[in-house]
Amino acid sequence: AEDGYDLWLRYAPLEGEALERLEEFNPQIAVDLYNREDNPTLEAAVRELGFGLHSLLGEPARSRPGGHGRILIDCGSHPTGGEQYFVTTDRQGIRIGGPSHISCLYGAYALLRELSLGADPRTINLTSAPAMPLRMLNHWDNPDGHVERGYAGRSIFDWWNLPDRLDQRMIDYARANASIGINAVVVNNVNAQAYMLEPRYIAKLKRLADAWRPYGIRVFLSARFSAPRDIGGLPTADPLDPAVRAWWRAKADEIYAAIPDFGGFLVKANSEGQPGPQDYGRSHADGANVLAEALGNRGTVIWRAFVYSEHNDVDRAMQAFDEFVPLDGQFAPNVIVQVKNGPIDFQPREPFHPMFGAMPNTRLMLEAQITKEYLGQGTHLAYLAPMWEEVLHADTGRGGTVAQIVQPVGMAGVANTGSDRNWTGSDFDQANWYAFGRLAWDPSLTSEQIAREWAAQTFSRAPEFVEAVVPMMLGSRQAVVDYMTPLGLAHQMATGHHYGPGPWVCDLARPEWNPCYYARADRQGIGFDRTASGSNALAQYAPPVAAGLAADPDYLLWFHHVGWDQAMPSGRSLWAELVGRYDTGVAAVDAMADTWAAQQRHVDPQRFRAVAENLVIQQAEARWWRDASLAWWQSINGLPLPEGTRPPQ
Ligand code: GCU
């Protein structure tokens, strides 16, 4: 049965002309003479090609013997020669090349992707280089197997049995990542356990690093800032204390002795209760730099900008900018500051984070969330590429788009993997893992192109299927925005789990934990005034960009407190417009369910049913979101539902 384990690497047998062309081409894999020394990366490329081609040709393999379709693997062995690849065709066949061994693995995956999509092997011509050096997954996996904001079962990392036992899943995970160009993995939660830095865990991590190295993946660890005190026996973790500096240096040396290409540390400091340099009156730069010094030119410190403090009553959306921008230029060269896409926290829609472009002398990296904490988690279908495309293409007004700002550094995605057979809990969530990797490799790819590739490889190449399912995917995230938080509302999710609606919640200890803090609904209107008459968060953006954001209907209630009866460009009142948006969201989910219901003949029964059942949940919960939210707003504004805005039930 199809259980989704193979992800987009199914290599389902080709049919029709595409099959005939590949049979006629009759692929034979060859390795160039100079590449014959045992190299695990080239071996992985050969293995994947052999397996993939065999599978594409169907069982039993229908290739003719002795054919002419040579696929030559011919790559340089320069370890740092670059990751670009080319796949070219001439009379002798196909040649996969590039400066380093990993080029050939990436090229092999690109070739298989093209063939899977039905390309003609006689005319394939690809050349590609990653736009960003760091294409990284951040796992929020705890060593006890629980995954923070994970909706696909337990952690895929079996720390208990490592290093002695390496699950095959670790190899398939590396294959999946390599196939989309992901080259770095942080294996543990940003809310880190200090003991992950102890020797017993370094040994386990080494086993993973060794297994993943052939696939071009470097391992990183989330480090708890207070580790020198927690596990090091020191009385302090003050970054300016010489003993603390020496401790980090010795720790780094110990890790590099086991893992010579260890990537470095990811740190969440002074945020949501995590320890950090501010505990000692030091700055984020002081904290990051002491770890950077310990790693030296061997690795990188990735310091997260996701901070907000209970000691600060400024608009939460402004705190990271306020804390970090004054530190521009103070971070060591091997420090990266990792910034979430928006200034709050992975909401269905946020304006881009104002830090992008505002720290020209600091290496900034984008953090996206692949797991859907605030977007219906493991059940709602929401394809996130359009959201990432939106942020990547946003013009910062300060030296380029977000994509251009982060391109020299990279992109991190909070992983959505788990121990479920299909890795991501729901089948369509695989698309988000796929899209993240593809976009980090090439942020100029469109969400549509990526959805097309993914849907055809994952489910069916039938044009009717692709033409129906791709638009469904492309509209799915907007549907979530509309039924959860339309018109720029944010953080209306219930407390703790962030799943269902909770706009009425207003009694949590810290103001910015409460949905009421974000919606600011009262008898007159709704929305957070972030203009000069309010928090003035708008002023953190470059002036022309701020003007654009202030006028953008998608961010209306993010930046403005608007009267319920204020006229919208549609001619309707805000209240009628808002009700209309919730209805649009519900109707969009109904349409998604209809679209999917028509695909039965294209999809295997197991996955067809799984998706259909999730859509039934989503239909019910879109209504739950709409009806609960509207009832709450009505209890505040006393207004009836506008006539004619609700579609019949
Ligand atoms: C969100 C999420 C937390 C997570 C935090 C972070 O607030 O709810 O679970 O730890 O982001 O990014 O650090």
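Consider residue 329 carefully, then state whether it is within 15 Å of the ligand (Cβ to nearest atom), over 25 Å from the mean Cα position of the chain (by Cα), among the small types (Gly, Ala, Ser) and within 21 Å of residue 239 (Cβ to Cβ). So residue 329 does not fit the description; no.
Of all residues in segment 189-205, one or more are of a type in the set (S, T, N, Q) and surrounded by 24 or more Cβ atoms within 10 Å (Cβ to Cβ). Exactly one residue out of 521, 587 is farther than 23 Å from residue 395 by Cα, in contact (Cβ under 8 Å) with a residue 24 or more places away in the chain, aliphatic (A, V, I, L, M) and not in a helix (DSSP H, G or I): that is 521.
Among the conditions (1) over 16 Å from the mean Cα position of the chain (by Cα); (2) more than 16 Å from the ligand (Cβ to nearest atom); (3) in contact (Cβ under 8 Å) with a residue 60 or more places away in the chain, the only one that residue 201 does not satisfy is (3). The number of residues in segment 114-126 that are closer than 20 Å to residue 98 by Cβ and of a type outside the set (Val, Ile, Thr) comes to 6.
Annotation note: Cβ proximity below 6 Å between a residue of segment 260-283 that is over 30 Å from residue 210 (Cα atoms) and a residue that is within 11 Å of the ligand (Cβ to nearest atom) and part of a loop (DSSP other than H, G, I, E, B) (sequence gap 6+ or interchain) occurs for 270/307; 271/306; 271/307; 274/268; 276/269. Annotation note: of 154, 149, the sole residue that is part of a loop (DSSP other than H, G, I, E, B), within 16 Å of the ligand (Cβ to nearest atom) and touching a Ser or Thr at 6+ places or on another chain (Cβ under 9 Å) is 149. Scanning segment 220-258 for residues that are more than 17 Å from residue 303 (Cβ to Cβ), among the aliphatic types (A, V, I, L, M) and either surrounded by fewer than 23 Cβ atoms within 10 Å (Cβ to Cβ) or not assigned by TED's automatic domain parsing to the domain that holds residue 298 (or both) turns up 231, 234, 243, 246, 250, 257, 258.
Taking the conditions exactly as written (among the aliphatic types (A, V, I, L, M), within 16 Å of the ligand (Cβ to nearest atom) and at pLDDT 95 or above), does residue 320 satisfy them or not? Considered against the rule, which asks whether it is among the aliphatic types (A, V, I, L, M), within 16 Å of the ligand (Cβ to nearest atom) and at pLDDT 95 or above, residue 320 comes out as yes. Take residue 97 and tell me if it is assigned to a helix (DSSP H, G or I), buried (at least 18 other Cβ atoms within 10 Å of the Cβ) and of a type outside the set (A, V, I, L, M, F, W, C). No; evaluated as a whole, the condition is false for this residue. Take the residues in segment 565-579 that are crowded, with 18+ Cβ neighbours inside 10 Å, of a type outside the set (Val, Ile, Thr) and touching a helix residue (DSSP H, G or I) at 6+ places or on another chain (Cβ under 9 Å); name whichever of them is nearest to residue 487 (Cα to Cα). Restricting to residues being crowded, with 18+ Cβ neighbours inside 10 Å, of a type outside the set (Val, Ile, Thr) and touching a helix residue (DSSP H, G or I) at 6+ places or on another chain (Cβ under 9 Å), the top hit is 578. Considering segment 351-381, the residues that are under 20 Å from residue 440 (Cα atoms) and small (Gly, Ala, Ser) include one that is farthest from the ligand (Cβ to nearest atom), namely 357. If the condition is being surrounded by 18 or more Cβ atoms within 10 Å (Cβ to Cβ) and farther than 30 Å from residue 218 by Cα, then segment 22-49 contributes 22, 23, 25, 26, 27. Does at least one position in segment 592-605 carry a residue that is farther than 24 Å from residue 527 by Cβ, β-branched (Val, Ile, Thr) and in contact with an Asp or Glu (Cβ under 9 Å, 6 or more places away or on another chain)? The answer is yes, given that some residue of segment 592-605 is farther than 24 Å from residue 527 by Cβ, β-branched (Val, Ile, Thr) and in contact with an Asp or Glu (Cβ under 9 Å, 6 or more places away or on another chain). Among the candidates 43, 37, the residue that is over 24 Å from residue 119 (Cα atoms), in a loop (DSSP other than H, G, I, E, B) and out of contact with any Lys or Arg (no Cβ under 6 Å at 6 or more places or on another chain) is uniquely 37.
The residues of segment 271-314 that are more than 21 Å from residue 189 (Cα to Cα) and at pLDDT below 95, listed by number, are 310, 311, 312, 313, 314. Please indicate, with yes or no, whether at least one residue in segment 325-335 is under 30 Å from residue 553 (Cα atoms), buried (at least 21 other Cβ atoms within 10 Å of the Cβ) and in the same structural domain as residue 373 (by TED's automatic domain parsing). For segment 325-335, residues under 30 Å from residue 553 (Cα atoms), buried (at least 21 other Cβ atoms within 10 Å of the Cβ) and in the same structural domain as residue 373 (by TED's automatic domain parsing): absent. Only one entry of 515, 503, 511 meets the criterion of being within 16 Å of the ligand (Cβ to nearest atom), assigned by TED's automatic domain parsing to the domain that holds residue 589 and surrounded by 23 or more Cβ atoms within 10 Å (Cβ to Cβ), and that entry is 515.
Looking across segment 363-400, the residues that are over 17 Å from the mean Cα position of the chain (by Cα) and either outside the structural domain of residue 138 (by TED's automatic domain parsing) or within 16 Å of residue 132 (Cβ to Cβ) (or both) come down to 363, 400.
Looking across segment 552-567, the residues that are under 17 Å from residue 350 (Cβ atoms) and of a type in the set (A, V, I, L, M) come down to 556, 557. Among the residues making up segment 385-416, those that are in a loop (DSSP other than H, G, I, E, B) and within 16 Å of the ligand (Cβ to nearest atom) are 415, 416. Consider segment 127-146 and keep the residues that are farther than 30 Å from residue 96 by Cβ and in a loop (DSSP other than H, G, I, E, B). The one that is nearest to the ligand (Cβ to nearest atom) is 140. Within segment 20-58, the set of residues being hydrophobic (A, V, I, L, M, F, W, C) and either in the same structural domain as residue 609 (by TED's automatic domain parsing) or without any contact (Cβ under 8 Å) to a residue 12 or more places away in the chain (or both) comprises 33 only. Checked against the criteria, residue 224 does not count as over 14 Å from residue 196 (Cα atoms) and within 24 Å of the chain's Cα centre (by Cα).
Among the residues making up segment 524-551, those that are among the β-branched types (Val, Ile, Thr) and not in a loop (DSSP other than H, G, I, E, B) are 526, 545. Annotation: of all residues in segment 174-195 being farther than 17 Å from residue 261 by Cα and within 16 Å of the ligand (Cβ to nearest atom), the one that is farthest from the chain's Cα centre (by Cα) is 193. Every condition in (1) surrounded by 18 or more Cβ atoms within 10 Å (Cβ to Cβ); (2) farther than 14 Å from residue 381 by Cβ holds for residue 598 except the one numbered (1). Every listed requirement among (1) surrounded by 21 or more Cβ atoms within 10 Å (Cβ to Cβ); (2) on the phi > 0 side of the Ramachandran plot is met by residue 437 save one, (2). State all residues of segment 299-327 that are of a type in the set (Val, Ile, Thr), closer than 30 Å to residue 249 by Cα and part of a loop (DSSP other than H, G, I, E, B); if no residue qualifies, say none. Result: 307, single match. Taking the criterion of being within 16 Å of the ligand (Cβ to nearest atom) and aliphatic (A, V, I, L, M), the residues of segment 239-285 that qualify are 266, 267, 269.
The values are calculated or read from the model by the stated rules, or taken from the named source; none is laboratory data. Not measured: the values here are computed from a predicted model. Reconstructed Cβ throughout: ideal geometry from the backbone, glycine too, with neighbour counts over all protein chains shown.
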